[in-house]
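Right, one structure below, let's go through it.
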Amino acid sequence: MQVVDPYLVRLFSLTGDPVVNFFIGSFLLALGCVVVGEVTLSLAIRWNRRHIESLKQEIRCQESLSIRAHEMGDHASYQALNKAANEAWGRHFFTMAAYSAGVLWPVPFALGWMQIHFAGVNFLLAFPLSMIFGKTVGYVFSFIPIYILCRILFKYLHPWLPYFKGVHQMLHAGGEQAPATFDGRPVIHDGTLEPRVQDDPKPSAF
């Protein structure tokens, strides 16, 4: 932390106004947390790309076979293949969810650094926020919304950023969806030959 401390301090001294400095510095620090977290995520995905691709391939294979079994009226095979396809999609979903959660690791370090430098900084809140959070709040109250804003901005920008563009394309390659029927929605077997479908979110890397 002592190594990066002088550089982080500079982020909070870009103007002559201490309040403006605080919010500019908080924004730049939060943006740095987003970028570092996303780089970590991309490296983890690239390192485990073979495993992720094998899960995608299993999803596509089981999906295709389950649809073929349904078309042929093979009830037992459809049940077995549909179950296997949903299990494969579940493994893929939770794998990507775990990776996505990993992007948050820089935030505790950033908050720890801010605790050292801004523990005594408090902001007055106007009504009705003062009724909910108290009359004053500290740096965490401002940093978390700023971090969320940076994540939203990065979400829309990273498909066009040079390095992250390739990661975005890899994440949205074929096989990201759950096992599906002909209309692309997940197949859920409910005990009859006809598939029941439900909407499921695609796993996200933030």
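Values in this text are rule-based calculations from the coordinates and carry no lab data. In this text the structure is predicted, and so the values were computed from the model without any measurement. Neighbour counts are summed over all protein chains in view; Cβ atoms, including those assigned to glycine, are modelled from backbone coordinates with ideal geometry.
Look at the dipole of the stretch 7-118 built from charges on Cβ: of HIS117, ALA44, SER26, the Cα furthest out on the positive end belongs to ALA44.
As an exercise, use a Förster radius of 45 Å and the Cβ-Cβ distance of ARG60 and LEU149 to find the FRET efficiency, rounded to the nearest 0.05. Taking R0 as 45 Å, the efficiency between ARG60 and LEU149 is 0.75. Please work out whether the stretch 1-118 counts as rounded, prolate or oblate from its C-alpha gyration tensor, where a ≥ b ≥ c are the square roots of the eigenvalues and a/c under 1.5 means rounded, while otherwise a/b larger than b/c means prolate and anything else oblate? It is prolate, given that a/c is not under 1.5 and a/b is the larger ratio. If R0 is 41 Å, the Cβ-Cβ spacing of PHE133 and GLU87 corresponds to a FRET efficiency of close to 0.40.
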